[in-house]
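Below: one structure, written as structure tokens.
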Amino acid sequence: MPLNLFDTLSRTSRVIAPLDGKTLRFYCCGPTVYGPAHIGNFRTFVAQDVFRRVIEQGGLTTLHVRNLTDVDDKTIRDSQKAGQTLTDFTQHWTTKFHADCAALNLLPPHVEPSAVAHIPHQIRMIEKLIEGGHAYATPDGSVYFKVSSFADYGRLSHLEDRELKLGASSTASATDSDEYTKDSLADFALWKGKKADDGPNHWPSPWGDGRPGWHLECSAMSLEYLGEDFDVHGGGVDLIFPHHENEIAQSCCATHGKFAHHWFHVTHLLVDGGKMSKSLGNLYTLEQLGERGYTPVEVRYVLISGHYRTPLSFTLHSLDSARQALQKLAKFDKALREVTSLSGVISGTTPGPFAGAWETLSDDLNVPGALGDIFGIINKTKPASLTPDEAKVTLEGFHFLLYALGLQLPSLVEEATADVPADIAELAEKRWQAKQSKDWATADVLRKELEAAGWIIKDNKDGYQVLRK
Ligand code: AMP
Ligand code: ZN
């Protein structure tokens, strides 16, 4: 079943098939390593991980490149604030990022190049752009890309004439004092001449000491590891403009290739209706959620449970629902294993009875639809009534889907408390508290209320259990 994926550039869903017929070459803009990644960032990385898993489950090999932005305004600013070298500072946050990725069960990219380790590649690309008449140096030792030299500029973001006045001569000093020497407002920096604020963070170049502009690293590193033409490029929607637009301009003007042939953008994770972002301070990290008792797989479940092209509002309640859903999956797994006597890792090679869910997933990575299909099958399957062979096929198909979604099942919580709805759990807790304070009358009323709703309470020496009647 080939994967159909929406392409931001053509605004259509297109079949994903490797350009070279063998390996799907895939570039993702990675994190800026200047603090912990938040779960909004991880919405994008997890969606990219599901994409890769679905491609690989479909029988293709992938070459996945995801960069580390370890030099830019923010990394330089915050390393200085922390009194650390840029290398030590970015290494610390890279290690933290890797730990979070592993906890979220993200497959590591095959290549993870960093901007600092590719300064010569970036300088070479600037030289090509200058040679081709697409870039120019300015007296302060910077180099700018000349946007008016690339007729296709703005196609990805449908910029048209909306915001840009190509070629407009600049008197931009009031709005952007750093870049006052540009020919046009739209031109962007490929190389930033050294400034006092940069401290020791500058490298030699034909235009003087400085550092690369942020957009350049992805063009230079995708060229190095994936070539002039490659299959898919991904990132969050905030990168469409200007970052990806600028990457296209740089790459198409420096090479003879067409750069990425398919653009995969993930819509934002929201909090209170706004984008979760570090600058707004409305973020959650994996660590903060861990302190509240939530596990990485619960976070992953929430992040994939909304379609990647629809904004997803994050709430703590959604993590509680994820916990219940994962318990239901784990219970089904256990029941099937009991019939088959299989244990350990199950690696299914076909979706079996979950073919419908696999088909849904292959239609623009419709994870919520596929989860709905999976629960549909679970609800109508009675593992105990299957033969061992039937249970084996079902278990393997189930794990084929779980692998594609990257969901590792949690251990099963005591049967008695696993499926208790929140309102019942709350009543039971109130009754327990009433009993603790020897308010027998209230405890009795609450017990009757629970019984009327179909639940009984079993007290023991450490607490109580809530069971179905
Ligand atoms: P950064 O570390 O800021 O370079 O971002 C890393 C990735 O996270 C990029 O692909 C961003 O587009 C993406 N991203 C940032 N904020 C969010 C969010 N709230 N929801 C989804 N993706 C995001
Ligand atoms: Zn990029």
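No lab work stands behind these numbers, since they all come straight from the coordinates. Source: prediction; values computed, not measured. Neighbour counts run over all protein chains shown; Cβ positions are idealised from the backbone, glycine included.
Some points to look at:
- Measuring nothing but how far apart in sequence close Cα pairs (under 8 Å, 6+ apart) lie, relative to its length, the range 422-468 scores a relative contact order of 31 percent.
- Each of Asp197 and Asp183 was given a label point 7 Å from its Cα along the Cα-to-Cβ line. The distance between the two points is 2.7 nm.
- Cα gyration tensor category, rounded, prolate or oblate, for the range 31-132 with a/c compared to 1.5: oblate
- Centre-to-centre, using Cα atoms only, the range 30-45 and the range 204-258 are separated by 20 Å.
- Where labels lie 7 Å past Cα in the beta-carbon direction, separation of Asp444 and His307 in nm: 5.6
- Structural descriptor for the chain: relative contact order 16 percent, calculated from alpha carbon pairs under 8 angstrom and at least 6 residues apart.
- For the range 406-457 versus the range 302-330, the spacing of their alpha-carbon centroids is 24 Å.
- For peptides 396-408, 57-69, sequence by mean Cβ density within 10 Å, most packed first: 396-408, 57-69
- The range 4-266: radius of gyration over Cα atoms, expressed as a fraction of 2.2 N^0.38 Å: 1.00
- Relative contact order, percent, the range 270-405 [alpha-carbon distance under 8 Å, six or more residues apart]: 27
- Judged by the mean number of other Cβ atoms found within 10 Å, the most tightly packed of the peptides 419-432, 18-31 leads the ranking 18-31, 419-432.
- The alpha-carbon of Lys430 sits under 25 angstrom from the alpha-carbons of these lysines, leaving out residues fewer than 8 places away in its chain: Lys438, Lys448, Lys458, Lys461, Lys469.
- Protection proxy ranking, peptides 131-142, 108-119, 225-236, average beta carbon neighbours within 10 Å, highest first: 225-236, 108-119, 131-142
- Distance violations [Cα-Cα > 32 Å] among Lys278/Lys328; Lys81/Lys258; Lys146/Lys195: Lys278/Lys328; Lys81/Lys258
- Beta bridge orientation in the chain: antiparallel %, DSSP, nearest 5: 50
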